[in-house]
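Report on the structure given below.
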Amino acid sequence: MDSLRKTALAAGVLYLITFSSIPTLALYGPVRTDPNYITGPGPDTATLWGGALEMIVALACIGTAVALYPVVKRQNEAVALGFVGARVLEAAAIVTGVVSLLSVVTLRQAGAVANALPTGQALAAMYDWTFLLGQTLMPAVNALLLGSLLYRSRLVPRILPLLGLIGAPLLLASTTATYFGINDTLSVWSVIATAPIALWEFSLGVWLVAKGFSPSPITKGMTAAVSAPTRNDGPA
């Protein structure tokens, strides 16, 4: 397995790992929706598992950008750096959200009383905002950046980045509407707007794992650079 194939495999696996955050929609249900959660009884296992999954997702987000950067920078280094920065920002928002919910768990286990209710609600609201700006807005930005790089470079079939480039404006519009209170995060419109981006990222992960990068001027140039013989000007 050559280095390009390993790079594609690593990026693909990391993209698929990011989908491990899906169960958090159910795991975080009580702590996000119950205004009295911080003072209530019961185990915090679901919230703790949700936090662990999201930490894995945050690291995988950064990993996808780090893995792809050496390849896509050959198409446009500035855009590739922007993609890395956007992925890091997304991961930072995820970690901030996890910290806010785990803080609720800490206060609850410490025996928080009724006067801690506003704090619990504020921390849950903080998670909602980091989710909107981190895991909803940033995937649209990522799709525009990485999608444009992959579409122009032909490193994967163009239908894949096209999904991201089409879905990004839809998700941006949905996120903007949610930001101004016109739309709800779990509305039908939000689900429809999110679907193309989710399909783009999942399809990209599957393709990179199964097929790797498609032959292109970039892959040919990288292969030639690796296989070129090293010149030896020293004595025989």
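The values are calculated or read from the model by the stated rules, or taken from the named source; none is laboratory data. Since the model is a prediction, treat every value here as computed from it, not as a measurement. Don't worry about glycine lacking a Cβ; one is built from the backbone with ideal geometry, like all the others, and counts go over all protein chains shown. To get the accessible areas, we keep the full protein, side chains included, count just its heavy atoms, and leave off ligands, DNA and RNA. Shrake-Rupley method; radii C 1.70, N 1.55, O 1.52, S 1.80 Å.
Does THR223 meet the test of being farther than 16 Å from LEU146 by Cα, within 22 Å of the chain's Cα centre (by Cα) and either of a type outside the set (A, V, I, L, M) or not in a helix (DSSP H, G or I) (or both)? In short, no. Scanning the range 152-166 for residues that are farther than 19 Å from THR7 by Cβ and in a helix (DSSP H, G or I), we see that the one that is least open to solvent (accessible area, probe 1.4 Å) is GLY164. One residue is enough: does the range 105-126 have a residue meeting the conditions assigned to a helix (DSSP H, G or I), without any contact (Cβ under 8 Å) to a residue 24 or more places away in the chain and closer than 30 Å to ALA11 by Cα? No, because not a single residue in the range 105-126 is assigned to a helix (DSSP H, G or I), without any contact (Cβ under 8 Å) to a residue 24 or more places away in the chain and closer than 30 Å to ALA11 by Cα. For first residues located in the range 177-196 and under 17 Å from ALA143 (Cβ atoms), partners that are assigned to a helix (DSSP H, G or I) and among the small types (Gly, Ala, Ser) and lie 6+ apart or on another chain with Cβ distances below 7 Å form the pairs SER190/SER174; ALA193/ALA173; ALA193/SER174; PRO196/GLY167. Taken over the range 126-148, the criterion of being out of contact with any Pro (no Cβ under 7 Å at 6 or more places or on another chain), more than 17 Å from THR18 (Cα to Cα) and open to solvent by less than 10 Å² (accessible area, probe 1.4 Å) is satisfied by TYR127 alone.
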